[in-house]
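> Sending over a structure as structure tokens; questions will come in a sec.
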Ligand code: UDP
Ligand code: MN
């Protein structure tokens, strides 16, 4: 009797293991171009104000047909998308079991992004390539380091790109007057500034979509590598731009406001942002970083990268390296429950954004 129960238990356990392994590999398989193309065509019927979404963008008239150098004053755009198709999960057995079910979202976002932008940029006659920089290691997401890695690849392999769009995958321009053309004023152009970005509206917000000349990105040594998890890398980047005396411009004459200028495909219910803070992360990442950047990035590009997604879109599989003695918060598992205390900070070194509305509200309440 006992042997039979044991055998039954063993059979159930093996079945469960097999099932989980199958689900895990099926959903977290490497993005194949065919799966993306399929998803692209099935997602071509969006209906965002101001833009016709009906075509999937890969047909005739797509931006890939624009002869390079002929339009946009001879400038070429490289779109760099920091990306990880699975959200961050702490490495536990439970998360290993549930992870496969959460990993499809970003892939869907990407599958929408590519055809949509192809059409959008074709309409603006902007020649471009897309580089999706996919983080493949088990560390926390690092948006800025992925952008650095993307830039290094572009500089080497696509040098005709003289300006970049640092672009969130889940933010689609919905107003056709948002121009992706070379920033005529020379300095960076923030396409999703406060007032237009659907979610963030503090005065010095610089995230979402930023156009910047490749030479300027290099001039400021790219972005900090210290920000693992969500936030602050764009606030730090703003300080680099200010200190280099570059003037940031914003789109002009856009009256569609916060709700209709972009489409933010981000659902916090399905994919929570990684707000964790551990070790001395809070103390260090609120400071201007004068040490790390493009020149100090440590990463490995997979041997089969770049993988082609479309004629002018590629995935770079990137494994970031973390120096645990410098940024232990790249992995919060096993971290002490209490964070290290905050040390005093010189006023000029503080990069934390200010939220004037909140302050005012607080004062009123007092
Ligand atoms: N991202 C990703 N996978 C993740 C987390 C972030 O691909 O697990 C990329 C994606 O391009 C996304 C961007 O980083 O649009 C910014 O992250 P998120 O949308 O979570 O932050 P938000 O700025 O909307 O709060
Ligand atoms: Mn988002």
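> For a quick size check, give me the Cα extents of the range 134-237 along its three principal axes, largest first, whole Å.
Principal extents (largest minus smallest coordinate, Cα): 37, 32, 22 Å.
> Can I ask one more? Please report, largest first and rounded to whole Å, the three semi-axes of the ellipsoid equivalent to the range 175-331, where each semi-axis is the square root of five times an eigenvalue of the C-alpha gyration tensor.
Details: eigenvalues 143, 80, 74 Å².
Each semi-axis is √(5λ); the values are 27, 20, 19 Å.
> In what sequence do 351, 212 fall when counting other Cβ within 10 Å, fewest first?
Details: 351 22, 212 25.
Going from least to most buried by this count: 351, 212.
> Cut-off is 10 Å between beta-carbons; in what order do 136, 261, 5 appear when sorted fewest neighbours first? Show your work: numbers first, answer last.
Values: 136 18, 261 26, 5 9.
Lowest to highest Cβ neighbour count: 5, 136, 261.
Read-outs: derived from the displayed coordinates by stated rules, not from any lab. Remember, predicted model here, so these are calculated numbers, not experimental data. Don't worry about glycine lacking a Cβ; one is built from the backbone with ideal geometry, like all the others, and counts go over all protein chains shown.
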